[in-house]
Amino acid sequence: MINLIGGVPLYVLEFGDELVYFTPYTITLFLLALTFTVLVLISRPEKQVDIAFGGDAYRTKEISVSEMRFRRFMAIACGLATMGAMVTGDIFNFTLFTAMVGITNVGIVAAVKSLHVQDAAYQYGLVALAATVPLFAGAAIYAAVTGSLSMIELMKGTLPAVPLIAKGMLMLGVIGEGMAPFYAAKAEMFRAPGAPYVIMCSLSSLLLFLRVVEIVMLG
Amino acid sequence: MIIRRISHILCNYDNLTRLFAGACLLLFIAGILLLPLPYSEKQLYPKTFDRNSSLDPYDRGGPPFTQVTIVSQYPENSPTAGLVTSYLTPFSLFLSQVTLHLGTTIVSHPGGIIDEILYNTRGLDTVVEATILFIAFAIASYIYRKG
Amino acid sequence: MIAELILATFFGLLLLGIHRKIIARIQRRPGPPIWQEILHMLKFSFKTTWIPKTATPVLFVGVVLIAIGIWTAAFYILVSGGSILVILGIYMLHKIVEHGFGLSSGSPYGKYGGVRSVISAASEIPLFVSVAVIAVYTHSLDLSAIMQYQQVHGPLLIIAFPAACAMFLVILSKMPFGPFSIVEAKELVSGYKTEHFGIWRAGLEICNGLKTFVLLAVFLAVFIGPLSLPWLLVGMILLIVILAFACALTPMMSPFDSVTIQMLVTALMLVYAAIVLLVVHP
Amino acid sequence: MKRTTVVRIFWAGAAVCVVASVLFFMGIIPLPVCAALLIVAFPVTVLSLFFCWMAGEFGGDIPFIGY
C-alpha cells in the first residue's frame, strides 16, 4: 500500500539469507544508537547525590570499578543489539535483537545495590520475558502467511497481505520492552546511579518502538 | 475519578506482569477469533511430511545430508544453505578443512546446536541467539558471584 | 543554509516568548517582553560556567551537542521535504536528551526530572497513530508528497481532523507551562535542567527554539499544506496563540494522570484509525 | 580547555558551516551532505562560541541539593 516507508534503501548488505539495509530512517536511528554507545564507552558514571530526608545530610554514591565494568559491558551490548535491530532487514532477526535488548536492560541495572531498583528490574525482566511470546508468535505468523521474513520483500507489496494480528503481536512484544503503558518498572530502574548506562535502557526501547512502527507499516 | 484509578494501577510496577498478561490475553483471543489465516505453502516445513526427504524432522539417523532443497529468500547469497558447514566462523571453517574430527557447528560454539535446529539456513540469527545466551549467562554469573 | 538555521532558531525563541507573554496576559500578569527568551539565551551564554564535580563530564556536555544536533537534522529534513517519520522519530528521541540532562549531573532534582521524563514515555504514541492515518490518505510519508496531496485535495486539517487534534495534543505536551509538561513542574526546581546552567543552558535554549520552530512548521506542512514564507510565519504565530490559550487555561496534571490521558487519547485514535481504514480504504 | 583552543574550535566550526552552505548554494554538494556537515559542526560552533565568551577558570562545584 505504502511504498518505501523509511525512504529508498541506500545500501543493502548481504548476510546470507538475511539482508541488512540502510534507509534515511534507519540510518538516523542507527547513528543515534551509535552515538550513545560511544558515549557509554568513553564516559565515566556520575556520583549521584542522595539527600537523607529528615536531616540536611547528603552523600554521594560511588560505583565500584568491577560494577562499572560489568554495567558498561552490558550497556555496550545493549547498544550493539539496538544497532542491530535498527538496520536488520529480517523480521525474525529483529525479534531476536529485541529479546537481546530486554535481557541487556536487566543486566544494566542488575549490578546496582539498591533493593528498589532490583525489584523493578525483576518485574521488568518478567515482562520482557513474557514479551518474547507475542514477539516470536508475530514473526511466526509473518513467515506462515507471507512465506517470507525479509522486509525488503514485504516492502515490494507482491506478497500476500500481512494479517493485522501479526502486526499487533509484534507491536505488543516491543511495547512490553518498556513503552507505555508498561513503563512503570522502567521508570523506577532509572533511579539507579550510572547515567550513561541507564540511559541506554530508555534509548533502546524508544528506538525499538520507532523501528517497529516502520516494520508494521510495511506489507 | 476513572483516570486517577487507572493511573494508580499503571504506576505500580507490581501490577506490570498482570497488566501485560491481560494485554497478551486480549490479543491472543482476538488472534483465535481471526484464526483461519492463509498459509503460504512455500515454507521450510511442508504441511505433509515427505518421509523420504532429507528435511524430515522425524528422521533419526541415516546418512548425513550434503545438499538439501531449502526454500531460502535469497539463494544467490547463500549457495551453501543447508550444508552443515554453511555458517561456520572463519576459525571453525579452518578446523573443518584441516581435520574431519573438529569444526562442525555442534562442537565449535554454543550457537552450533541452534544452528542444527535452524538447519543452517539463516546466517545472522544464529550469532544473535548465541549472544543472547551468552549475555544471560554473564548476568547470572555476575549476580551469583556478587551474592 | 546556516543563515536559515540561525533565523529559525531565533524565530522559534521569539515564538516561545510570545507563548509566555500570552499566558501571562491571560492570567492578568504583565509578563516579560516577547523577546525575553532570546535575551535569556544570550544572558546564559555570558555566564561563568563549569561542570559539577559529581557529573559525568562527557555525557554532561555531549547531551547538549546531541540536543542541538538532532533538531538541526529535523530542520533539514523539513527543508528538504523528507520523511515525516524521521522527524517524528527525532521528536520522540528528544526524550533521551531530557534523560541525559537530568541524570548526568548527579543532582537529585535532575534525577527526578529524568525519571519524570521516562514516565511521560506515552506522550508520543498518539503521534504514530495519526501518522498512520495520514499515510492511509496520502500513500506516502514524505513531507513533499503530503503537501502535494493537500494542493489537490484540500488541507488534511479538514479531511483528517482527529489526527490533527492528536498531533496538536502531542505538541502541547512539549510546550512549557502546559497541562502535560510534567518534567518542568515547579516542585522539581528546574527539573532536568537544574544543573545545566550557563552556556549549557544557552545551548538548551537554542535547541528549544529550533524545536519549537520545527514542530510548528511540521504541523502546518502536514495539516494545512504548502505555505509561502510570510503565511508560514503568520500560521506559526496563530498556532502558538492557540497553544498558549490551551496552556494558560488548563492545570498541570499529576505525572501518572497525564500518561493515562495520553493513553486514552491513543485508544481513541486507534478506533479512529480503524474507522478510516475500513471506510476510506476498504 | 584553554581559551585559545576554544576560539580555534569555534573558527573551524564556523568555517565548516559557512563553506558547506556556500558549496550547497553553488550546487557543488547535495543537500544531505551539506546537512550532515552542519549537523556535526553547528552544535560545536555554538557551544564553543558561548564558551569563549565566558570560560570558567575554576574547577567543579557540588550540585544544587536544596536548601
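The values are calculated or read from the model by the stated rules, or taken from the named source; none is laboratory data. Predicted, not measured: the structure shown is a model, and the values here were computed from it. Every residue, glycine as well, gets a Cβ built from its backbone with ideal geometry; the counts of neighbours run over all protein chains shown. Protein only, heavy atoms only, side chains kept; ligands, DNA and RNA dropped before computing areas. Shrake-Rupley method; radii C 1.70, N 1.55, O 1.52, S 1.80 Å.
If r is the Cβ-Cβ distance from D:I28 to C:L39 and R0 is 56 Å, what FRET efficiency results, to the nearest 0.05? Could you put the intermediate results ahead of the total?
Details: r = 38 Å, r/R0 = 0.68.
Here the calculated transfer efficiency is 0.90.
If you take the alpha carbon radius of gyration of region C:2-279 and divide it by 2.2 N^0.38 Å, what ratio comes out, to two decimals? List each step's numbers first, then the result.
Values: Rg = 18.5 Å, N = 278, 2.2 N^0.38 = 18.7 Å.
Here the answer is 0.99, to two decimals.
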Relative to the longest principal axis of the C-alpha atoms of chain C, give the angle of the C-alpha long axis of helix C:2-26, reported between 0 and 90° and rounded to the nearest 10°. 90 degrees
Which pairs break 31 Å Cα to Cα here: A:K156/C:K95; A:K47/C:K21; C:K21/C:K193; C:K21/C:K53? A:K156/C:K95; A:K47/C:K21; C:K21/C:K53
Can you give the angle from 0 to 90° between the axis of helix A:91-110 and the longest principal axis of chain A, with both taken from C-alpha atoms, to the nearest 10? 0 degrees
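Sorted by accessible area with a 1.4 angstrom probe, largest first, how do C:R28, A:R191, B:R4, C:R201 fall? Please report the intermediate quantities before stating the final value.
Details: C:R28 215, A:R191 70, B:R4 125, C:R201 35 Å².
So, going from the largest accessible area down, we get C:R28, B:R4, A:R191, C:R201.
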For region C:73-88, 3J(HN,Hα) per residue [Karplus equation, 6.51 cos²θ - 1.76 cosθ + 1.60, θ = phi - 60°, Hz, x = Gly/Pro]: 4, 4, 4, 6, 5, 4, 5, 8, x, x, 6, 5, 4, 5, 4, 5
Per residue of C:78-86, how many C-beta atoms from partner chains lie within 10 Å of its own C-beta, taken as a mean? 5
Keeping all protein chains in the complex and leaving out DNA, RNA and ligands, what accessible area do you get for C:H153 with a 1.4 Å probe, in Å² to the nearest 10? 110 Å²
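Report, as an integer, the average count of C-beta atoms from other chains found within 10 Å of each Cβ along D:21-28. Don't jump to the answer; show the numbers that get you there.
Values: counts 5, 2, 1, 2, 1, 0, 0, 0.
Partner-chain Cβ atoms within 10 Å, mean over residues of D:21-28: 1.
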Once label points are set 7 Å from the Cα along Cα→Cβ at both C:S144 and D:A36, what is their separation, rounded to one decimal in nm? 1.9 nm
Using only Cα atoms, figure out Rg for region C:41-89 and give it as a multiple of 2.2 N^0.38 Å. 1.58
Farthest toward the dipole's positive end in chain C, which of C:F44, C:P155, C:F11, given Cβ charges of +1 (Lys, Arg) and -1 (Asp, Glu) about the Cα centre? C:F44
Other residues with Cβ under 12 Å from the Cβ of A:V65 give, with Lys and Arg +1 and Asp and Glu -1, a net charge of +2
Using a Förster distance of 25 angstrom, determine the FRET efficiency expected from the C-beta separation of B:F137 and B:A21, and round it to 0.05. 0.40
Please calculate the 1.4 Å probe accessible area of A:D50, with all protein chains present, and give it to the nearest 10 Å². 30 Å²
With every protein chain kept in place and a 1.4 Å probe, the residues D:C52, A:C201 fall, from largest accessible area down, as D:C52, A:C201
Taking Rh as the Kirkwood radius computed over alpha-carbon pairs of region A:92-214 and applying Stokes-Einstein at 37 °C with viscosity 0.692 mPa s, one gets a diffusion coefficient in µm² s⁻¹ of 219 µm²/s
Region C:64-189: equivalent-ellipsoid semi-axes (sqrt of 5 x gyration tensor eigenvalues, Cα, Å): 31, 17, 10
For region C:124-272, compute Rh as the Kirkwood radius over C-alpha pairs and then the Stokes-Einstein diffusion coefficient at 10 °C and 1.306 mPa s; write the answer in µm²/s, rounded to an integer. 95 µm²/s
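For chain A, would you read off the P(r) tail past 28 Å as a percentage of all alpha carbon pairs? Please list the in-between numbers first.
On the way: 7812 of 23871 pairs.
Looking at chain A, the distances longer than 28 Å represent 33 percent of pairs.
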Using the Karplus equation 6.51 cos²θ - 1.76 cosθ + 1.60 (θ = phi - 60°), what ³J(HN,Hα) coupling, rounded to whole Hz, does each residue of region C:256-269 give in order, writing x for Gly and Pro? 6, 5, 4, 5, 4, 5, 5, 5, 5, 4, 4, 4, 4, 5
Give me, ordered by chain and number, the residues 5 or more places off C:S83 or on other chains with an amide H under 5 Å from its own placed amide H. C:L143
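What order do A:E18, B:E76 take when sorted by accessible area (1.4 Å probe), most exposed first? Working shown, then result.
Values: A:E18 5, B:E76 135 Å².
So the residues, ranked largest to smallest area, are B:E76, A:E18.
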With the contact rule set at Cα under 8 Å and sequence spacing of 6 or more, what percent relative contact order holds for region C:1-159? 17 percent
Relative counts (whole %) of C-alpha pair distances in region C:1-136, using bins that are 5 Å wide: 2, 8, 12, 14, 19, 20, 16, 7, 2, 0, 0
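Grab the beta carbon distance between C:K53 and A:L34, set R0 = 30 Å, and tell me the FRET efficiency rounded to 0.05. Please list the in-between numbers first.
Details: r = 30 Å, r/R0 = 0.98.
Calculated value: 0.50.
Averaged over its residues, how many other protein chain Cβ atoms are within 10 Å of peptide A:37-46's Cβ atoms?
Values: counts 0, 2, 8, 2, 1, 3, 9, 5, 5, 16.
Average neighbour count from other chains, rounded to a whole number: 5.
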Please calculate the 1.4 Å probe accessible area of B:I29, with all protein chains present, and give it to the nearest 10 Å². 80 Å²
